[in-house]
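Everything on this sheet refers to the single structure shown next.
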């Protein structure tokens, strides 16, 4: 990601690649921890990570937290890190998705 003086500027290829990777990770968590089918998980990922046009203000802001966090919020709500402390950090399986 390239930085300008006062904002983050994403190149299109970089943005699309990052978007694709976060969708893949989100879908994996939804399958593994919520039990969605592959098709359901992909649909959920597309809904959570819609494509944002290059002129969208704060494009890519969702990337400030990783897919693990957004998926845990959806599955277990905003207290997941308290109620399920073993899920506060991404699993080794998730980390191995790279």
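Which ones in the range 60-98 are in contact (Cβ under 8 Å) with a residue 24 or more places away in the chain and either surrounded by fewer than 10 Cβ atoms within 10 Å (Cβ to Cβ) or in contact with a strand residue (DSSP E or B) (Cβ under 8 Å, 6 or more places away or on another chain) (or both)?
Within the range 60-98, 60 is the sole residue that qualifies.
List the residue pairs whose Cβ atoms are under 6 Å apart, where the first residue sits in the range 12-30 and is closer than 11 Å to residue 67 by Cβ, the second is not in a helix (DSSP H, G or I), and the two are 6 or more positions apart or on different chains.
19/49; 22/49; 23/49; 25/97; 30/36
Condition (residue is modelled with pLDDT under 95, surrounded by 14 or more Cβ atoms within 10 Å (Cβ to Cβ) and under 23 Å from residue 95 (Cα atoms)) applied to the range 39-52: is it met by at least one residue?
no
The values are calculated or read from the model by the stated rules, or taken from the named source; none is laboratory data. Here the structure is a predicted model, which means the values were calculated and not measured. Neighbour counts run over all protein chains shown; Cβ positions are idealised from the backbone, glycine included.
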